[in-house]
Structure formats: structure tokens, C-alpha cells
Amino acid sequence: MTAAPPPPLLGPAQIRQLAQRLGIRPTKSWGQNFVVDANTVRRIVRRAGVASGDPVIEVGPGLGSLTLALLETGAHVTAVEIDPTLAAALDETVTLVAPEAASRLRVVHADALDLMTLPDPQPVALVANLPYNVSVPVVLTLLERFPTLARVLVMVQLEVAERLAAPPGSKVYGVPSVKAAWYADAQLAGTVPRSVFWPVPNVDSGLVAMTRREPPATTATRVEVFAVIDAAFAQRRKTLRVALAGLAGGAPQAEVALRAAGVDPTARGETLGVRDFAAVAAALSSRGPTAAAEPHRVV
């Protein structure tokens, strides 16, 4: 017996009708580009490995395209939406399109960067089409604040995706690459054509898959390690001996700490992996604090 096809998800016509009914005009300030292709959202959900019963957090659900695909698997979805109109409408959309799934959706009207807690059950996965302008801060903030997140699959600007997944020594390796590596192993998981969005963006999109692992073993705090990363890439063309002088109290002190960490003082930040940065931060912190505590800033 042939299995019945899955129910239809939101397509271009339904997306535009919803937007018109709600009086929504996609805004650049909130990075609103809505996915209008059911195959794309199902592909994202498959790649994310979402299974029935999984608690998932989605940031920026918009009109509900990806939300419906997540609910289709049997997952429990907490959708975090900053736009008050979209947040208020999402429950109604799911009730109309997939009434059997409505009880598995919770909508939180909030800025994801302000989230400190979520109702139980805590999420095991982040799956989202993220606004381009806040994608890196959102990923890093949620990984820091919600340790139950074991995996991430996000659609972001392709350039950002490449940076998040970049290894040491590559041309696009930088601050996002190293900070993401503090939390997880990241890899590119595919590209997404511009044609699946409304309105059509002027940049390409990519998928990033992340699997959480333990941060590098170090006596330094995360804040101290991130301060070293920021300093190393703030003056990208300068050697680490010079770039870290401000944190260390001078270039000679920076050289001492770098050598203690087993790092060449004449190297540049783009050649170091996250474990190297953790070792440098530990060497610096043993000589004095590298940064003041910043309890709410995690990027």
C-alpha cells in the first residue's frame, strides 16, 4: 500500500495571501525574507535530523513555512519571533493548516538575543532561517545560554555560513569561526537558491550544521578566551605579539604568554585554532585578568 503524501505546506500564493491579510511588508531592519518553497523547508528539517518528540527552538519563524515543516515531523516547536504581528498570527496559521499539530507549538514574542530562559522541555536543536544581520550573535548566544542544545541547523547568508564553518588558515576564518568552534563542530550543509525566498534577497544563502561538543580544556574563562580572540582579529595583519599587547600589558608580556602557550609570537590570529586561543588565554589569565566579566554578552 502506497503511503499518503504529506500534507501541503505554505507555498508562494499562501505566503503572499497571509502577508496581505496581516498587512505585512517584509522589512530589511528585521531581515525578513520568507521561504516560499516546501521542498526547501523539508530539506532543512531532514538535514537537521529532527524526529518526533524532539523539543526544537526556531528563531524568526515569520509566516510559518519552516515551523509547519518542523511540526510535520512530530517535533515540539518553540518559535521565537520579534515581530508582534507575526508572533500573534503564527498560532492561527498552524491551527488552520495543521490543526493536529497546534498543541505542539509555543510562540514566544521576544528578541532572541534577550532570551535568558525558555519553558520546559528545553530545546535539543536550533533550526532556523536566521535574519542575516543577527545570525552569528543569535547562534552564539543561544549555544551559550541553552546548554541542552546538542545540534544546530541554520540557514544564513552564504558568506556567514562559510565563516562559521571555516578552518584555521582559510581566507574567511575569523572571529565567528573561532567562537563557534568553542561550542561545536561546524560544517557547511548546502546552499539555498535565492528564488525560494520572498522577497528575493540580493545575497546567496547557505546551511550550517553544528554539533555541540565540550569546549577546550583550559583554566581561562570563556570571557577571557573570547577577549583574546577579539584582540587577535581586531588587528588581523599584525603579529599576535603586537595584537595582544593591550590585553597583556605590553608586547613583551604578550610574547611571554604566547611562548608559555606554545604559540609562535610572530604568528597571526588566522593560523590558530580554538584550543590555541584557549591556551593563550590561560597563560594570560595566570598573569592577570584579560577581561572584565560580561554576564549578558556572549559574542
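The values are calculated or read from the model by the stated rules, or taken from the named source; none is laboratory data. In this text the structure is predicted, and so the values were computed from the model without any measurement. Virtual Cβ from ideal backbone geometry, glycine too; neighbours counted across all protein chains shown. Each accessible area value is taken on the protein alone, full model and side chains, heavy atoms only, with ligands, DNA and RNA left out. Shrake-Rupley method; radii C 1.70, N 1.55, O 1.52, S 1.80 Å.
Listed values, structure above:
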{"read-out": "Out of 221, 266, 211, sole residue that is farther than 24 Å from residue 169 by Cβ and either open to solvent by 20 Å² or more (accessible area, probe 1.4 Å) or over 18 Å from the mean Cα position of the chain (by Cα) (or both)", "value": "221"}
{"read-out": "Out of 166, 180, sole residue that is without any contact (Cβ under 8 Å) to a residue 24 or more places away in the chain and either of a type in the set (Val, Ile, Thr) or closer than 30 Å to residue 238 by Cβ (or both)", "value": "166"}
{"read-out": "Cβ pairs under 8 Å, 6+ apart, first in segment 42-58 and more than 23 Å from residue 110 (Cα to Cα), second part of a loop (DSSP other than H, G, I, E, B) and of a type in the set (A, V, I, L, M)", "value": "42/9; 50/75; 51/75; 52/75; 53/75"}
{"read-out": "Odd one out for residue 137 among (1) modelled with pLDDT under 95; (2) open to solvent by 20 Å² or more (accessible area, probe 1.4 Å); (3) within 14 Å of the chain's Cα centre (by Cα)", "value": "(1)"}
{"read-out": "Among (1) part of a loop (DSSP other than H, G, I, E, B); (2) under 22 Å from residue 208 (Cβ atoms); (3) open to solvent by 70 Å² or more (accessible area, probe 1.4 Å); (4) at pLDDT 95 or above - the single one residue 50 does not satisfy", "value": "(3)"}
{"read-out": "Cross-chain or 6+ apart pairs with Cβ under 6 Å, segment 129-140 first and closer than 17 Å to residue 116 by Cβ, then at pLDDT below 95 and surrounded by 22 or more Cβ atoms within 10 Å (Cβ to Cβ)", "value": "138/130"}
{"read-out": "Test result for residue 258, out of contact with any strand residue (DSSP E or B) (no Cβ under 8 Å at 6 or more places or on another chain) and either under 24 Å from residue 299 (Cβ atoms) or loosely packed, with under 15 Cβ neighbours inside 10 Å (or both)", "value": "no"}
{"read-out": "Qualifying position, being closer than 17 Å to residue 273 by Cβ, open to solvent by less than 10 Å² (accessible area, probe 1.4 Å) and modelled with pLDDT of 95 or more, among 174, 206", "value": "174"}
{"read-out": "One residue from 166, 181 being touching a Phe, Trp or Tyr at 6+ places or on another chain (Cβ under 6 Å), small (Gly, Ala, Ser) and buried (at least 21 other Cβ atoms within 10 Å of the Cβ)", "value": "166"}
{"read-out": "Where residue 237 falls short, out of the listed (1) part of a loop (DSSP other than H, G, I, E, B); (2) more than 17 Å from residue 162 (Cβ to Cβ); (3) open to solvent by 30 Å² or more (accessible area, probe 1.4 Å); (4) in contact (Cβ under 8 Å) with a residue 60 or more places away in the chain", "value": "(4)"}
{"read-out": "Residue satisfying condition, being modelled with pLDDT of 90 or more, polar (S, T, N, Q) and touching a helix residue (DSSP H, G or I) at 6+ places or on another chain (Cβ under 6 Å), within set 93, 67, 78, 85", "value": "85"}
{"read-out": "Count of segment 94-128 residues which are aliphatic (A, V, I, L, M), within 18 Å of the chain's Cα centre (by Cα) and open to solvent by 70 Å² or more (accessible area, probe 1.4 Å)", "value": "1"}
{"read-out": "Condition met for residue 273 (in contact (Cβ under 8 Å) with a residue 60 or more places away in the chain, closer than 19 Å to residue 285 by Cβ and of a type outside the set (S, T, N, Q))", "value": "yes"}
